[in-house]
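The values are calculated or read from the model by the stated rules, or taken from the named source; none is laboratory data. Fair warning: this is a prediction, and the values are worked out from it, not measured in the lab. Backbone-built Cβ (ideal geometry, glycine too); neighbour counts: all protein chains shown. What goes into the accessible areas is simple: the full protein's heavy atoms, side chains included, and nothing from ligands, DNA or RNA. Shrake-Rupley method; radii C 1.70, N 1.55, O 1.52, S 1.80 Å.
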Amino acid sequence: MKKYIIQGGHPLKGNISVSGSKNATMPILSATLLIDGITRLTNVPDLGDIDIFFELMKRAGAIITPYEKNAFEIDTRNIHTGDVDDSGLEKIRGSQTLLGALLARIGKVTLPSLGGCQIGARPIDIHLNGLKQLGAESSIIKGAVHLEAQKINASHIYLDYPSFGATANLILASCTAQGNTIIENAAQEPEIADLVNFLNKSGAKIYGIGSKTLRITGVERLRPVTHRIMPDRIQASTYMIASAITQGDLTIENISANDFSSVIFKLRETGAEVQIMNMDKIRVSMRQRPMGFKIKTMPFPGFPTDVQSPMLALASLADGMSVIMESVFENRFQVAQELNRMGAKIVYNERMATVIGVENLYGAVVQVQNLRAGASLVLAALAAQGESEILGIEAIERGYDNLDKQLAQCGAEITRMED
Ligand code: EPZ
């Protein structure tokens with residue numbers, strides 16, 4: 001068991017540089033499987049989920065070689081199977097985009113199971129419906145997803161919900177199909193835009209970047225390119241909240257401020273001073289207790305569900321009441337019970353949490369249930385009086401590159417321990 005020991009009560013001060021985005025990296029890694037050549041990716045985050053993703057790609061035939069810090073050459077000349085055995089590996093949700101990519105490259109794909117954070121039922125019906133319209137037949141046998149298509153047929157697809165994973169899969173499956181595909185009600189997340197930018201650079205013809213309607217003119221082949229993965233907007237948001245909750249003063253670098261306007265505006269409402277220094281640098285300081293606030297999570301450009309749990313920690317210490325509505329995943333308030341063990345006053349059901357702000361949180365032994373819940377507990381512990389033990393930090397390390405070191409260099413008293 002790995003854990004963090006945190007002595008709370010130190011305002012964070014200094015600079016933090018965020019890494020490349022986990023949720024952009026995995027779809028782009030999938031996209032390299034469409035290319036017959038050697039792609040170079042830079043700003044790849046150093047995370048457990050990415051290591052697992054590399055293993056899955058290697059099982060399909062990819063050769064992956066690091067050539068600088070956070071930079072990899074991905075040789076996809078010998079992709080020979082779509083049967084991606086995941087035995088011996090932890091299950092990750094990011095593997096979902098291997099479906100669209102390997103279907104397009106090999107014509108069939110079998111993925112034993114999809115994992116990821118237990119934050120809701122997370123079905124893949126929207127993926128499968130869309131892929132069916134592109135000509136794929138799907139079956140699920142003992143939990144393994146199997147897809148097969150003689151040929152990908154361009155199609156006009158409407159998504160019942162702007163699912164991030166389904167949008168990525170349909171882009172990947174259709175960009176080398178013959179003819180024109182339209183995806184309506186597509187996800188607009190910046191990570192989808194990064195995937196489209198990568199593909200267009202490689203020769204794809206995808207129009208409507210960042211909008212709800214994507215038009216894709218199939219091209220015969222894609223060529224290898226070099227691409228820098230976009231900054232992680234969820235890490236950036238988490239560090240902004242870390243500054244606010246500890247009444248600190250942090251400058252966060254290597255960001256793209258356009259990607260998280262909803263978080264910037266909400267933090268200003270809580271009383272934080274947020275200064276966009278350049279589009280790639282932001283300073284967040286807080287001089288008093290945050291004020292209570294209201295948020296409702298929504299697909300981009302709405303308030304991101306991945307920042308909801310960190311905001312719950314901030315709400316716990318607010319002056320006044322906060323109301324947080326979760327509209328994306330139905331099981332994201334589990335962290336409330338751990339925050340309550342630290343002295344928070346949160347009542348919640350599946351979709352809504354009401355938080356009566358308290359003046360102090362107190363150190364406790366708490367258990368991480370999922371990635372963003374873990375970030376929330378770290379933030380609460382940084383602001384709490386006394387010592388906290390955060391157990392099960394493996395989940396945090398799936399999505400935050402060197403979180404403990406980043407925080408420690410800004411004044412946090414945090415130690416990582418492995419039993
Ligand atoms: C991606 O998950 C991210 N994961 C999530 O980040 C992120 O919270 C989410 O997008 C929204 O931005 C990865 O990229 C690996 P969805 P994904 O499909 O693709 C329902 C993190 O902490 N739905 O947009 O699974 C689904 O159940 C993670 O980094 C269907 O009903 O998100 C959910 O309620 C957590 N049927 C909602 O849509 C489907 O076929 C949104 O899911 C697909 C989704």
| task | Leaving ligands, DNA and RNA out of it, report the carbon-plus-sulfur percent of the accessible area of the chain at a 1.4 Å probe. | result | 48
| Anchor Lys281: lysines whose Cα lies under 23 Å away (excluding residues fewer than 8 positions away in-chain) | Lys13, Lys22, Lys69, Lys266, Lys405
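Given +1 on the Cβ of Lys and Arg, -1 on the Cβ of Asp and Glu, and no further charges, what dipole in debye does the chain carry about its Cα centre, rounded to the nearest 20?
On the way: 41 positive and 44 negative charges, 165 e Å.
Its charge dipole is roughly 800 debye.
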| said: I need the phi-derived Karplus couplings for the stretch 248-256: 6.51 cos²θ - 1.76 cosθ + 1.60, θ = phi - 60°, integer Hz, Gly and Pro marked x. | reply: x, 8, 10, 10, 10, 10, 6, 10, 10
| In terms of modelled amide H atoms, which long-range or inter-chain residues lie less than 5 Å from the amide H of Gly135? | Asn153
| Taking the Cβ of Asn129 as the center, what net charge do the other residues with Cβ under 14 Å away carry, scoring Lys and Arg +1 and Asp and Glu -1? | -3
| remark: Which residues qualify? For Gly343, with a placed amide H closer than 5 Å and at least 5 residues away or on another chain, they are Tyr362
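With every protein chain kept in place and ligands, DNA and RNA left out, what is the accessible area per residue of the stretch 22-228? Probe 1.4 Å, answer in Å². Write down the numbers at each step before the final one.
Working: 8450 Å² over 207 residues.
Averaged over the residues of the stretch 22-228, the accessible area is 41 Å².
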| Under Karplus coefficients 6.51, -1.76 and 1.60, residue-wise ³J(HN,Hα) of the stretch 284-294 in Hz, glycine/proline x | 10, 9, 9, 10, 9, 4, x, 8, x, 8, 10
| So what does His156 come to for accessible area, using a 1.4 Å probe and Å² rounded to 10? | 100
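Residues with beta-carbon under 11 Å from that of Gly37, excluding Gly37: net charge, scoring Lys, Arg +1 and Asp, Glu -1?
Every neighbour counted, the sum reads +1.
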| field | Listed residues Tyr239, Tyr158, Tyr362 arranged by accessible area, highest first, probe 1.4 Å | value | Tyr158, Tyr362, Tyr239
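Would you mind working out the accessible area per residue for the stretch 286-419, using a 1.4 Å probe, and quoting it in Å²?
Values: 5150 Å² over 134 residues.
With all protein chains present, the stretch 286-419 gives 38 Å² per residue.
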| field | Dipole of the chain [Lys/Arg +1, Asp/Glu -1 at C-beta], most positive-end residue of Gly248, Pro301, Gln118 | value | Pro301
| message | Quick check: pseudo-label points 7 Å beyond the Cα along Cα→Cβ at Arg416 and Lys212, how many nm apart are they? | response | 4.2
| field | Positive dipole terminus of the stretch 22-228, leading residue within Ala60, Gly165, Ile183 (C-beta point charges) | value | Ile183
| Once the whole set of protein chains is in place, how much accessible area is left on Glu359, using a 1.4 Å probe, in Å² to the nearest 10? | 140
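May I ask you to derive the FRET efficiency for Asp46 and Phe265 from their Cβ-Cβ distance with R0 = 22 Å, giving the value to the nearest 0.05? Can you show the working numbers first?
On the way: r = 31 Å, r/R0 = 1.40.
According to the calculation, E is roughly 0.10.
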| remark: Non-local residues with an amide H under 5 Å from the amide H of Leu317, with H modelled 1.01 Å from N and Pro and chain starts lacking one, are Val358
| note | quick note, the chain, DSSP beta bridge pairs, % antiparallel (nearest 5) is 70
| Antiparallel as a % of all DSSP beta bridges within the stretch 81-212, to the nearest 5? | 65
| Using the alpha-carbon centroid of each, what span in Å lies between the stretch 302-330 and the stretch 341-419? | 14
| field | Solvent accessible area, Å² - Lys132, 1.4 Å probe, full protein context | value | 140
| task | For Arg287, Arg223, give the ranking by accessible area with the largest first, probe 1.4 Å. | result | Arg287, Arg223
| Environment charge at His80 (Cβ cut-off 15 Å; Lys +1, Arg +1, Asp -1, Glu -1) | +1
| Per-residue HN-Hα couplings for the stretch 405-419, Karplus 6.51 cos²θ - 1.76 cosθ + 1.60 at θ = phi - 60°, whole Hz, x for Gly and Pro? | 5, 4, 6, 4, 6, 10, x, 6, 9, 9, 10, 9, 10, 10, 6
